[in-house]
Every structure is written in C-alpha cells, then in structure tokens.
C-alpha cells in the first residue's frame with residue numbers, strides 16, 4: 001500500500017503514485033514494442049507521420065547538428081532528423097529498452113549506424129554532460145514523464161546555448177506548462193523553443 005503522503009501523478013485516466021508511473025510506462029511500451037509503429041499508424045490514421053514531418057520542417061536540421069530525441073522509442077524522429085541533416089548525429093533515449101531494440105531493427109538503421117546511439121534512460125535524469133546537444137526533441141512523450149518540469153530542466157541542461165527544444169504534444173495543459181517554463185528559462189539560455197501541437 002502506498003504512503004498517503006507520497007505525491008501522485010496521472011497514468012492515462014488513472015491517478016498513481018509517482019514511484020509507480022515509470023514502471024507502468026515501461027510495462028505498456030515493453031508489451032507493445034514489436035507492434036508500436038503499426039499501432040501508431042492505425043490509431044492515428046497515419047496522421048502522426050504528418051505531424052512528425054511538420055516538426056522536422058520547423059526544426060530545419062542542419063549538417064553537423066547533434067540531436068537528443070527523448071522518449072524516442074523506435075527512432076522515428078531521429079531517422080527523419082538524420083535524413084534531412086545529412087551529416088549529423090542522433091541519440092535516441094527511451095525508458096523502455098524493448099522500444100530501442102525495435103528501432104535498431106528498422107531498415108534505415110544499417111545505413112545510419114555510425115550516426116545513431118541508443119540509450120536507455122529517464123528524461124528526468126539524463127545520462128549526458130551539460131551542453132552536449134544542438135537539438136532536443138520529445139515527440140508525444142512528455143505525457144509519459146512523471147514530472148515534466150524535471151524533464152524540461154534536464155533538456156535545458158544538456159542543450160548547448162542557442163540550441164533548440166521541440167516538444168510535440170496534444171494536451172493543452174502540457175503546452176501551458178511548457179510555455180510557462182519557456183518564460184523562465186529561454187532568455188537566460190539564449191535557447192529557442194518551438195512547441196508543435198497536433199490536433
């Protein structure tokens with residue numbers, strides 16, 4: 001039984017303790033990893049691909065940039081980024097190892113093996129040094145983070161000054177949180193934040 005004083009958060013439509021959420025997220029994504037890309041197509045009618053392509057249009061990747069894609073799953077964003085950047089590097093970080101394993105199996109993986117790293121980790125405690133990346137993305141993953149503010153703090157920590165942060169989400173509450181965070185941090189870091197919201 002959970003301690004009554006323990007903080008709670010959401011998991012879908014359910015309220016859970018903060019200590020429970022990561023395990024639940026891992027359980028869900030671990031169980032669907034081999035079918036995740038197909039499920040995304042079916043559940044969104046393929047529109048998630050349009051949203052991700054639009055996100056890349058906003059980012060306008062350039063040669064030599066380093067991307068960190070958090071909650072990157074099977075690498076959709078990283079692959080798009082590298083195709084547009086040409087010469088660049090992408091690190092896909094996800095809480096669920098099974099998702100990363102599926103990403104490594106994709107056809108593009110063998111062509112980009114020297115440009116891609118796959119890392120199991122938590123958005124709230126990134127295993128990278130300060131000022132390591134030019135671009136940070138989290139596409140439809142912020143809702144799965146137990147404490148989004150902690151994840152955003154980490155994003156700004158690992159971004160280089162002048163770097164770009166792109167959050168793709170569908171919940172207005174999350175967008176409001178990001179915009180509030182933007183007001184507090186962006187000017188001091190000279191970092192650009194673009195929020196792209198799907199329907």
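Here is how the numbers come out for the structure above:
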{"read-out": "The one condition in (1) at pLDDT 65 or above; (2) assigned to a helix (DSSP H, G or I); (3) more than 15 Å from residue 95 (Cα to Cα) that residue 35 fails to fulfil", "value": "(1)"}
{"read-out": "Strands (runs of 3 or more DSSP E) enclosed by the stretch 58-129 - at least 3 residues per element that are under 18 Å from the mean Cα position of the chain (by Cα) and free of Cβ contacts under 8 Å to residues at least 60 places away in the same chain", "value": "89-94, 116-120"}
{"read-out": "Failed item in (1) surrounded by fewer than 21 Cβ atoms within 10 Å (Cβ to Cβ); (2) at pLDDT 90 or above, with residue 111 passing the rest", "value": "(2)"}
{"read-out": "Scope the stretch 152-168; condition assigned to a helix (DSSP H, G or I) and crowded, with 24+ Cβ neighbours inside 10 Å; matching residues", "value": "152, 155"}
{"read-out": "Within the stretch 132-146, tally of residues that are farther than 13 Å from residue 92 by Cα and in contact with a helix residue (DSSP H, G or I) (Cβ under 7 Å, 6 or more places away or on another chain)", "value": "6"}
{"read-out": "Output for the stretch 123-139, where each listed residue is under 9 Å from residue 66 (Cα atoms) and buried (at least 23 other Cβ atoms within 10 Å of the Cβ)", "value": "133, 135, 136"}
{"read-out": "Residues of the stretch 56-76 satisfying the condition of being under 20 Å from residue 127 (Cα atoms) and modelled with pLDDT under 95", "value": "71, 72, 73, 74, 75"}
{"read-out": "Subset of the stretch 130-141 [touching a residue at least 60 places away in the same chain (Cβ under 8 Å) and under 22 Å from residue 162 (Cα atoms)]", "value": "132, 133, 134, 135, 136, 137, 138, 139"}
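The values are calculated or read from the model by the stated rules, or taken from the named source; none is laboratory data. Since this is a predicted model, take the numbers as computed values, not measurements. So basically every Cβ, Gly included, is an ideal-geometry build from the backbone, and we count neighbours across all protein chains shown.
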